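Worksheet for the structure shown next.
The values are calculated or read from the model by the stated rules, or taken from the named source; none is laboratory data. Treat the numbers as computed from the prediction; the structure is a model and nothing was measured. Every residue, glycine as well, gets a Cβ built from its backbone with ideal geometry; the counts of neighbours run over all protein chains shown.
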């Protein structure tokens, strides 16, 4: 699996390159997040702009990835879903289980707010 990775000070943007959202991609995303976590990263934005279609079976893997990140005090937000992918997400009510932002800026805002929240709770 090929990814474009953009490193920012407090998060990574991971963008799959022209591929359907399927079990192979979700497994590769899980592996890539684990690798980046080992290097000290704690927060991820997954840009799905290039994913034209989705295998509905892969949604369970996205939920697991999301839960794993949050159980480790990390943030993960999925963003820039095309209309076809968004329709499938809504049909399966996946948007109620994982963080999805319509735009990159909103995804960045979610991650930034969650970082602030974690910092505030650590101070208490």
* Structure fact -> Scanning the stretch 7-22 for residues that are more than 15 Å from residue 40 (Cα to Cα) and loosely packed, with under 15 Cβ neighbours inside 10 Å, the one modelled with the highest pLDDT turns out to be 17
* With respect to residue 77, determine if the residue is touching a helix residue (DSSP H, G or I) at 6+ places or on another chain (Cβ under 7 Å) and within 25 Å of residue 7 (Cβ to Cβ). => yes
* Asked: Before we move on, is residue 42 over 11 Å from the mean Cα position of the chain (by Cα) and at pLDDT 95 or above?
  -> no
